[in-house]
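Each value in this text was obtained by applying a stated rule to the coordinates, not by laboratory testing. Every value quoted in this text rests on a predicted model; they were computed, and no experiment measured them. FYI the Cβ positions are ideal-geometry reconstructions off the backbone, even for glycines, and counts take in every protein chain you see.
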Amino acid sequence: MTFTIAIDGPAAAGKGTISKAIAARFGFDHLDTGLLYRAVAALVLNGADPVAAASTLTPDHLEAGNLRSAEVAQMASKVAAIAGVRRALVAFQREFAARPGGAVLDGRDIGTVICPGADVKLFVTASADVRARRRYEEQAAQGATDSYETVLADVRARDERDMNRADAPLKPAGDAILVDTSDLSIDEALEQVTRLVRDRLPRDR
Ligand code: CDP
C-alpha cells in the first residue's frame, strides 16, 4: 500500500515534531524535505554551485553536523528559490512518497507540487511570534546565543522569501487542512492530526 501524508507550513510551525510523531505512530517512513535544501545550502556555503550540489546530493550529505544552524537556514531559503535546485530534488522526494508502507513528507511545497495527489494534506502554521519563540528556545537549548529578536527577524525573512518566490512558493494546497498550533500543546496538535489521518486511512489498516 502507498499512503502519502503531505505536511507543509512556514518555519518552526511544528511540522517536524508532528511529522516525526505521526510517522512513528502509524509506522510510516518520514522525510524532512527541508534537510535536502539545508544540505545543498551547507555545500554552497563551502563554495559549491547550487544546482550542481542539488544534482549530486547523497544521503551522506543529510548527516552533516551543522544543518540546523541559522546561517544554513537562511542560505537554504535562498537556494530553494532557484528553479534548477528544486527540479533536481523532485524525483527523490516523489520516490520517497511512493514507498510501500506509507510516507510522511514535510516541507513547503509537498501538497502543492511534489505530491498533489497525497492522501492527507496539512498546512501547519502558528503566529510568527510563537514560531520565533519556539525556535529561539530550541536553539538556546543547543547553546546558540542569538537573541529572540534576531530569531524573529530570521524567521520573518525566511517566510517572506519562501512565500514570494516564483517557483513553488509556500502556500496551502487548495485541499489542505489548516492546523494552527499557536495555542495548542504538542499533545493537542498530535491528537488533532492523528484523528485526521485515521479518518482517511483505508479501513483494513
Ligand atoms: O525547520 P524549518 O521549518 O525552520 O525549515 P526547513 O523545513 O528545514 O526548511 C529550510 C528552508 O528550506 C525553508 O526556509 C525553505 O526555503 C526551504 N524548503 C523548501 O523550499 N521546500 C521544502 N519542501 C522544504 C524546505
Quiz item: Leu35: net charge of surrounding residues, Cβ under 11 Å, Lys/Arg +1, Asp/Glu -1, itself excluded?
Solution: -1
Quiz prompt | Point-charge dipole on Cβ atoms (K/R +1, D/E -1) for the chain, about Cα centre, debye to 20 | solution = 440 debye
Practice problem: State, to one decimal in nm, how far the label point of Asp146 lies from the label point of Arg99, with both points 7 Å from Cα in the Cβ direction. | Solution: 2.9 nm
Practice problem: Give the relative contact order (percent, whole number) for the chain; include only Cα pairs under 8 Å separated by 6+ residues. | Solution: 34 percent
Quiz item: What is the set of long-range amide H partners of Gly107 at a cut-off below 5 Å, with H atoms built 1.01 Å from backbone N?
Solution: Ile7, Asp8, Gly9
Quiz item: Viscosity 1.002 mPa s, temperature 20 °C: Stokes-Einstein D of the chain from its Kirkwood Cα radius, in µm² per second?
Solution: 124 µm²/s
Exercise. May I ask you to order 150-163, 27-40, 174-187 by the average number of other C-beta atoms within 10 Å around their residues, highest value first?
Key: 27-40, 150-163, 174-187
Quiz item: When the helices in the chain are scored as -39500 (n - 2.57) per DSSP H run of 4 or longer and the sum is shared across all residues, what 222 nm value do you end up with, to the nearest 500 deg cm²/dmol?
Solution: -15500 deg cm²/dmol
Quiz prompt | Long-range HN-HN contacts of Ile82 with modeled amide H, under 5 Å | solution = none
